[in-house]
Amino acid sequence: LKARVLIRPKAGILDPQGQTVERALPALGFDGVHDVRVGRMVELEAPDESRIGEMCEKLLANPLIEDYEILVVER
Amino acid sequence: VKFGVIRFPGSCDEVDALLACRRFADAELLWHGDRDLRGADAIVVPGGFSYGDYLRAGAIARFSPVMEAVQEFALSGGPVLGICNGFQVLCEAGLLPGALLPNAGLRFVCRQVDLVVENAETAFTGACSPGDRLSVPVKHTTGRYYAPEDLLDELEADGQVILRYAEGQNPNGSARDIAGVANRQKNVAGLMPHPEHAVDPLTGSADGGRLFESLVSHVGALAPA
């Protein structure tokens with residue numbers, strides 16, 4: 001199966017990248033955008049989804065500072 | 001007394017660390033693929049960009065064979081010092097509390113800063129007194145120390161905050177100006193600034209040498225006469 005893991009800074013953790021993007025948007029006429037958070041995405045193929053959570057806890061994300069979300073895109 | 005300094009693919013401060021250690025004791029480089037610490041009495045995990053900083057700084061290095069040996073060494077009480085990327089590696093490995101985030105200003109910072117010794121009763125700071133100021137350079141992009149508030153309170157209460165940036169000199173937005181922390185047992189410590197680049201007055205400061213000197217007296221005091 002094909003999955004995407006979305007990783008982003010935990011709520012409450014200062015995300016200067018997100019802030020910078022947020023400040024740049026109005027300059028291009030995109031008003032009213034807020035709470036921009038910049039994270040990263042890991043795409044992977046695995047035999048099944050049973051161990052992806054474990055992969056996130058141990059390597060793909062650092063659970064102290066990041067939240068993750070697993071999306072199965074193809075079975 | 002012998003230091004072991006680890007070399008990962010992507011390390012770049014291991015030779016300076018080796019030379020700094022040699023001012024005070026014997027030292028040799030340890031290869032990341034080896035499990036053998038070659039009888040080292042203290043381990044230095046140096047700065048650089050181990051494994052290209054892929055995924056997160058320090059995230060991959062913790063799985064290298066040498067780190068398994070370092071983990072065992074640390075759990076048995078052996079002193080381990082992580083500098084810059086080495087600090088990130090030790091946090092990722094769970095040997096130190098907290099994590100390092102991208103600098104609040106998002107820029108690479110490279111400057112001389114003053115550090116204040118908060119706890120002088122550790123293997124790393126024994127040659128200092130509380131409140132001593134050490135002039136040491138920082139150079140990093142991912143150096144903002146973070147831990148949840150309750151963990152920070154615990155660290156402070158337990159004397160695990162060993163070094164702080166002097167007032168007004170926090171270069172990266174670290175929580176509570178924290179520059180260096182130790183584990184609860186105080187045998188593992190990490191800091192973002194580079195003491196190994198401050199061991200000779202010719203390059204601006206020799207204050208960093210105090211940390212290596214502290215380690216040598218700590219290990220020497222443990223050794224049988």
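Okay, here's what the table says:
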| item | result |
| --- | --- |
| Options B:A179, B:A166, B:A157; residue that is over 17 Å from the mean Cα position of the chain (by Cα), more than 14 Å from chain A (Cβ to nearest Cβ) and open to solvent by less than 10 Å² (accessible area, probe 1.4 Å) | B:A166 |
| Tally, over segment B:65-95, of residues that are open to solvent by 10 Å² or more (accessible area, probe 1.4 Å), on the phi < 0 side of the Ramachandran plot and within 14 Å of chain A (Cβ to nearest Cβ) | 5 |
| Matching option when the condition is part of a helix (DSSP H, G or I) and touching a His at 6+ places or on another chain (Cβ under 8 Å), among B:V15, B:V66 | B:V66 |
| Tally, over segment B:102-118, of residues that are open to solvent by 10 Å² or more (accessible area, probe 1.4 Å) and in contact (Cβ under 8 Å) with a residue 60 or more places away in the chain | 5 |
| Residues within segment B:41-75 that are without any contact (Cβ under 8 Å) to a residue 12 or more places away in the chain, farther than 23 Å from B:F124 by Cα and of a type in the set (D, E, K, R), tallied | 0 |
| Test set (1) open to solvent by 10 Å² or more (accessible area, probe 1.4 Å); (2) assigned to a strand (DSSP E or B); (3) within 15 Å of B:G190 (Cβ to Cβ) - B:A57 fails condition number | (2) |
| Within segment B:187-225, considering residues that are in contact (Cβ under 8 Å) with a residue 60 or more places away in the chain and of a type in the set (S, T, Y), the one most open to solvent (accessible area, probe 1.4 Å) | B:S217 |
| Enumeration of residues in segment A:40-64 that are assigned to a loop (DSSP other than H, G, I, E, B) and either more than 14 Å from chain B (Cβ to nearest Cβ) or in contact with a Phe, Trp or Tyr (Cβ under 6 Å, 6 or more places away or on another chain) (or both) | A:A46, A:P47, A:D48, A:E49, A:S50, A:R51, A:A61 |
| Within segment B:134-154, considering residues that are over 16 Å from B:H194 (Cβ atoms) and more than 13 Å from chain A (Cβ to nearest Cβ), the one surrounded by the most Cβ atoms within 10 Å (Cβ to Cβ) | B:E154 |
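Matching residues to (1) modelled with pLDDT under 95; (2) under 17 Å from the mean Cα position of the chain (by Cα); (3) among the acidic types (D, E):
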| position | (1), (2), (3) |
| --- | --- |
| B:G4 | no, yes, no |
| B:D16 | no, yes, yes |
| B:L29 | no, yes, no |
| B:F63 | yes, no, no |
| B:Q71 | no, yes, no |
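The values are calculated or read from the model by the stated rules, or taken from the named source; none is laboratory data. What you see is a predicted model; the values in this text were computed from it and never measured. As a convention, Cβ positions derive from the backbone with ideal geometry for all residues, glycine included, and neighbour counts pool all protein chains shown. When the accessible area is computed, the model is the full protein with side chains, heavy atoms only, and any ligands, DNA or RNA have been set aside. Shrake-Rupley method; radii C 1.70, N 1.55, O 1.52, S 1.80 Å.
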